[in-house]
Amino acid sequence: MATIHIDGEPHETRDGENLLQAVLEAGVDLPYFCWHPELGSVGACRQCAVKQFNGPDDKRGRIVMACMTPATEGAIISVSDPEAKEFRGEVVEWLMTNHPHDCPVCEEGGECHLQDMTVMTGHRARRYRFEKRTHRNQDLGPFVKHEMNRCISCYRCVRFYRDYAGGQDLAAFASHNNMYFGRAESGTLESPFAGNLIEVCPTGVFTDKQFSKTYSRKWDMRGAPSVCAHCSVGCNTIVNERAGTVRRTINRYNDEVNRYFLCDRGRYGHGYANADTRIRVVGQLIDGVHHQVPSQAAISHFATFAEDGPVIGIGSARASLETNYALRSLVGAAQFSTGLAEPAHGLTLLAADILRTTPAHTPSLHDVEQCDAVFMLGEDALSTAPRLGLSMRQATRHASFLNADRNRIPRWMDASVRMMGQDFISPLMIATPAATGLDDCAVLTQHAAPDDLARLGFAVAHLIDEAAPAVPGLTEAESTVAGRIAEALLAADKPLVVSGTQLGSAALMQAAASIAAALMVRGKPAALSLVLPDANSMGVALMGGLSLDAVCDMARDGKVGTLIVAEADLTRQLAPERVEALLGQVRHFVLIDHSESPLIERAELVLPAAPITHSGGTMVNMEGRAQRFLPVAFPEGPVEVSWRWLRDFAESIGQDDRMAWQTLDDVVAAIARELTVFARIGEAAPSEQYMLESGHIRSQTARVSGRTAIRSHISVRDQPVPPMPDSPLSPTMEGTYSTSMPGALVPYYHAPGWNSEQSLNRFQQEIGGPMRGGYPGVRLVDAAEAVWSSAHYSTDLPETFAPRDGSILLLPESRIFGSEELSALAPAIAERAEPAVVRMAGDGPSEVTLTLDGIRHRLPVLRDDSLPPGLAFYPAHMTLRAFAAPVWVSLETAEALA
Amino acid sequence: MIGIIRTLWLTFLHLFHKNDTVPYPETKPYLSPRYRGRIILSRDPNGEERCVACNLCAAACPVDCISLQKGEKDGRWYPEFFQINFSRCIFCGFCEEACPTYAIQLTPDFEMSEYVRQNLVYEKQDLLISGTGKYPDYSFYNVSGLAIPGKDKGEAEREAAPIDIHALLP
């Protein structure tokens, strides 16, 4: 701790801070542009000038850049010094000489850091009467819009895109007044984190192209805290709504999870909530055609189904915990399925089991960033959990920070730390079947078949701890690689092992668990991260249930009267003929979902569910963190959150005594009571009764417009806004708001004078620290009490992979855009998704015909020499819906067929 | 007593004063061009809609009676719909003050009575006039940096030609 004096007031600061951070943490307004809490300082914009004095006797002082000056004990600075103020005013005036007269037609207007800072410095009128420089824009793809005229050359975009996210195709061109930030030529930004440029850019150079299509000012939109539903990381988001449609998703800061950045799948995946594929009416199959029926009719229809034999429920890893629990309560635990077929079912349960029994720590994303050696085994985390990939990239910087510490350079001094640290790279070691997007920062890459990768993993574990089983028959090359990996992990202070379910291999996850456990045995505080397929996979795994294969068997034995499927698309889990067989063997089939799937044709009853933007609930991410999402839009017409449909079903068959839930809180309480593993989920977020300073937190801003006009074309009479179901937030502008509200309830960021998301610094206890109001979610799985002995090492070592003649092992490739179920329905993601191709090594044919599930698929081939022979990659779920696990397929070339 | 006679006298004198009332609607009073009556949306000198759907009028409106949605065509922003609920409007003129493009203007017309309240909701086609209103020469896109059809980058007032980033000269 150090004490500094800001304008005569003493303030406590943390060690190693710069003056800008100290000033902001002290609650004083100081304008800045190029500094970013996650990117550090470079002193490019000269905006945060303050006056520093040598001591009490120094009356003259000197102007310093606050972001480049360490806050030292006893420092005396003045923010309000007239000379410093004038300096800042001149800097902003100079930055504004070329800024166009665009604000009314700029998407950033109203939440623009440049607007805020200009007002903060007091610059009002442009005195410069000469010409403004102009630039031509580029088409940067479906996500990001480019308007270079607005640029103030703060360099944040390239610092984020190149230095932080490892992108290659955005750069700074030309010099002085001509500075241009863009690509070498027009084209889609390649980085999957390009959407963050929108939030990183302090002005309107990079704006949200999708949001622009249904644009609304920040002050006009309702906001609600949400959780990303498009991978198992569980990034926190704020979803914005206006006039009943979801408009955009932006980052919501959670100091332990996603912090300042999101991936583009999360940012643009919400499009499914507005898409035409949404189910909005209750449908009943009458004479082979779906007819719209009233909700009550459908519910009483279900009651007649229920009398016709046992009811089986199929839950889903993309549905909330509440929905899965309601289904489980309705049908009974023995009749509840996870909605996952083998091997995904077994792997998901295994992952939960490993995390509960491993002695290693399960890291949050922020913990991953602190690790100093990472071994990614058999999982392309950048595609299955993109935000985790970004965190792993940051972990490679650890050595450069230590180097900076040795040379007494503060870690926020970004340019110096990076320049000095070029040769100090913490090891990232990647063992996957093919090249990944993280290879550029990896010190070691090993490409092999899943079984060989697992053997490599077990070999590493054995090298670290002798007690782990040895792997027979390793080649010399493999032993060398294993030796290097083991050495690097042992040399680290905080090693991390990452694996997951992508390749459908239990051995891979066991090998990763063995390595982490072996490191713990050797006294290293190891971390183990397992990537799961869906947003709530961990929740479903902790709840448990039958696999879909077991449900198929029950159906075959005639033990299923009615099948209820809640928010699951069985065609992504089971091959077409198995789906056909299952649905043929059940007497009644009820589907509750929010988006159309191929199953909808077959369902006798289709009930419209609310997607997560329209409902409240809890999801458990891959580290076992339960997080609450809240509704931002009212469910339309008969649309209801799935658990309410299931509750109504229970009532119709006379089970209402157990499921008489009225609110989300009732369900959460019931889950916590019944299932001990979820005992703490109530702590994920405050309850619906929560009040801040004796009022509900408002979900609209105080300046929301058009309240008496927005629905006047329907009726000129004003209608009161109904309460938002399942939410502690007030649905209108009436309510309370403060910077100390719980992190799980933040509907939008705003502080006086700070209209952009940079106002976040007012909501944090310290820059980059926890939210003032707390609530980062609650961790359900903690390995603290796990008892470990060497008997726990998995001895289930796979054989060496042997290629087969005339066949290849087809592995599921996870695509950032297009593989995930819900985001693939979003128009923006669909536009960004590239066509499906078979990736194979060697100079093969340009097309192959693969026979899968008895169907011949003719598919284009892309040469990828990083793959070992005998293996091929094909995107999961894209054209072959049920393809999610490796399969041997017979291979015919197109030429051979002709 | 004197008071009563005085009042009668004064009332009698009024017989010879000029009338303050006018036989409205046959005779209409003069209203200045700055009078704050019925709201219109104007067009720029080229006949294009001036409104760029920036939402500032809606934000300035103290009774929140303006609602619109931004649309975009060839780089030009325009309102997809623009509705004013005149049954709420208090004719304060804040919207006109807030408008950065002189699109929304108040006119000296106040005769807007309706028997059906719903008819007081004006849509864009009811608001949009074919002229420029009080500001004949102003065109927002001539002073803003966005490129629109007929006005490329660098062609607005006080704008330099676009930078050639491939040029080697500093």
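The values are calculated or read from the model by the stated rules, or taken from the named source; none is laboratory data. What you see is a predicted model; the values in this text were computed from it and never measured. Methodologically, a virtual Cβ is constructed for each residue, glycine included, from the backbone with ideal geometry; neighbour enumeration extends over all protein chains shown. Just the protein is used for accessible areas: all its heavy atoms, side chains included, with ligands, DNA and RNA removed. Shrake-Rupley method; radii C 1.70, N 1.55, O 1.52, S 1.80 Å.
Conditions (1) more than 24 Å from A:Lys218 (Cβ to Cβ); (2) within 14 Å of chain B (Cβ to nearest Cβ); (3) touching a strand residue (DSSP E or B) at 6+ places or on another chain (Cβ under 7 Å), marked per residue:
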| site | (1), (2), (3) |
| --- | --- |
| A:Ile671 | yes, no, no |
| A:Thr676 | yes, no, no |
| A:Arg680 | yes, no, yes |
| A:Gly695 | no, no, yes |
| A:Arg703 | no, yes, no |
| A:Pro720 | yes, no, no |
| A:Pro725 | yes, no, no |
| A:Thr736 | no, no, yes |
| A:Ser740 | no, no, no |
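In segment A:347-373, the residues that are over 20 Å from A:Ala488 (Cβ atoms) and of a type outside the set (S, T, N, Q) reach residues that are open to solvent by 40 Å² or more (accessible area, probe 1.4 Å) and not in a helix (DSSP H, G or I) with C-beta atoms within less than 8 angstrom, at least six apart or across chains, in these pairs: A:Pro359/A:Trp788; A:Leu365/A:Glu256; A:His366/A:Glu256.
Condition check ((1) over 30 Å from A:Leu20 (Cβ atoms); (2) open to solvent by 10 Å² or more (accessible area, probe 1.4 Å)) across all residues:
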site	(1), (2)
A:Pro410	no, yes
A:Ser416	no, yes
A:Asp423	no, yes
A:Thr432	yes, no
A:Asp465	yes, yes
A:Leu474	yes, yes
A:Thr480	yes, yes
A:Val497	yes, no
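Only residues that are closer than 26 Å to A:Val417 by Cβ and among the charged types (D, E, K, R) were counted across segment A:1-20, and they come to 4. Screening the candidates A:Asp116, A:Asp102 for the property of being within 30 Å of A:Arg247 (Cα to Cα), within 14 Å of chain B (Cβ to nearest Cβ) and not aromatic (Phe, Trp, Tyr) yields one hit, A:Asp102.
The set of residues in segment A:642-660 being touching a residue at least 40 places away in the same chain (Cβ under 8 Å), open to solvent by 10 Å² or more (accessible area, probe 1.4 Å) and assigned to a loop (DSSP other than H, G, I, E, B) consists of A:Ile653, A:Gln655, A:Arg658. Look at (1) surrounded by fewer than 18 Cβ atoms within 10 Å (Cβ to Cβ); (2) of a type outside the set (Ser, Thr, Tyr); (3) outside any loop (DSSP other than H, G, I, E, B) and you find that A:Asp15 fails only one, number (3). Criterion applied to B:Lys134, B:Lys124 was being surrounded by 13 or more Cβ atoms within 10 Å (Cβ to Cβ), in contact with a Pro (Cβ under 8 Å, 6 or more places away or on another chain) and within 12 Å of another protein chain (Cβ to nearest Cβ), and the one residue passing it is B:Lys124.
Taking the conditions exactly as written (within 14 Å of chain B (Cβ to nearest Cβ), open to solvent by 20 Å² or more (accessible area, probe 1.4 Å), in contact with a Lys or Arg (Cβ under 8 Å, 6 or more places away or on another chain) and of a type in the set (D, E, K, R)), does A:Glu185 satisfy them or not? Criteria not met by A:Glu185. Among residues belonging to segment A:121-150 that are in contact (Cβ under 8 Å) with a residue 24 or more places away in the chain and among the basic types (Lys, Arg), point out the one that is least open to solvent (accessible area, probe 1.4 Å). In this case the residue turns out to be A:Arg150.
Against the condition touching a strand residue (DSSP E or B) at 6+ places or on another chain (Cβ under 6 Å) and either at pLDDT 95 or above or not charged (D, E, K, R) (or both), how does A:Ser642 come out, does it pass? Taking the combined requirement at face value, the residue satisfies it.
Anything in segment A:8-49 that is charged (D, E, K, R), in contact with a Ser or Thr (Cβ under 8 Å, 6 or more places away or on another chain) and without any contact (Cβ under 8 Å) to a residue 60 or more places away in the chain? List them, or say none. Once the filter is applied, which keeps residues that are charged (D, E, K, R), in contact with a Ser or Thr (Cβ under 8 Å, 6 or more places away or on another chain) and without any contact (Cβ under 8 Å) to a residue 60 or more places away in the chain, segment A:8-49 yields only A:Glu12. If a residue has to be open to solvent by 50 Å² or more (accessible area, probe 1.4 Å) and not basic (Lys, Arg) to count, how many in segment A:353-365 make the cut? Residues meeting the conditions: 3. So which residues in segment A:673-696 are touching a Lys or Arg at 6+ places or on another chain (Cβ under 7 Å) and in the same structural domain as A:Glu322 (by TED's automatic domain parsing), if there are any at all? Across segment A:673-696, there are no qualifying residues. Suppose the filter is over 22 Å from the mean Cα position of the chain (by Cα), within 14 Å of chain B (Cβ to nearest Cβ) and modelled with pLDDT under 95; does A:Ser153 pass it? Against the criterion (over 22 Å from the mean Cα position of the chain (by Cα), within 14 Å of chain B (Cβ to nearest Cβ) and modelled with pLDDT under 95), A:Ser153 qualifies. Being more than 19 Å from B:Gly131 (Cα to Cα), open to solvent by less than 30 Å² (accessible area, probe 1.4 Å) and more than 10 Å from every other protein chain (Cβ to nearest Cβ) is the filter here, so list the residues in segment B:59-94 that pass it. Answer for segment B:59-94, where residues must be more than 19 Å from B:Gly131 (Cα to Cα), open to solvent by less than 30 Å² (accessible area, probe 1.4 Å) and more than 10 Å from every other protein chain (Cβ to nearest Cβ): just B:Gly93. Of the strands (runs of 3 or more DSSP E) lying entirely inside segment A:819-873, the ones with 2 or more residues being under 30 Å from the mean Cα position of the chain (by Cα) and buried (at least 21 other Cβ atoms within 10 Å of the Cβ) are found at A:838-840. If you go through segment B:95-121 and pick out every residue that is closer than 26 Å to B:Ala160 by Cβ and more than 12 Å from every other protein chain (Cβ to nearest Cβ), you end up with 0. Looking across B:Ile129, B:Ile104, one residue alone is β-branched (Val, Ile, Thr) and open to solvent by less than 40 Å² (accessible area, probe 1.4 Å). It is B:Ile104. Scan segment A:158-173 for residues that are part of a loop (DSSP other than H, G, I, E, B) and either of a type in the set (Phe, Trp, Tyr) or within 18 Å of A:Cys34 (Cβ to Cβ) (or both) and the total you get is 2.
Of the helices (runs of 4 or more DSSP H) lying entirely inside segment A:293-375, those containing at least 2 residues that are under 30 Å from the mean Cα position of the chain (by Cα) and closer than 23 Å to A:Asn621 by Cβ are A:321-331, A:344-357, A:365-370.
If we keep just the residues of segment A:865-884 that are among the hydroxyl-bearing types (Ser, Thr, Tyr) and farther than 10 Å from A:Leu810 by Cα, which is modelled with the lowest pLDDT? Only one residue fits best here, namely A:Thr879.
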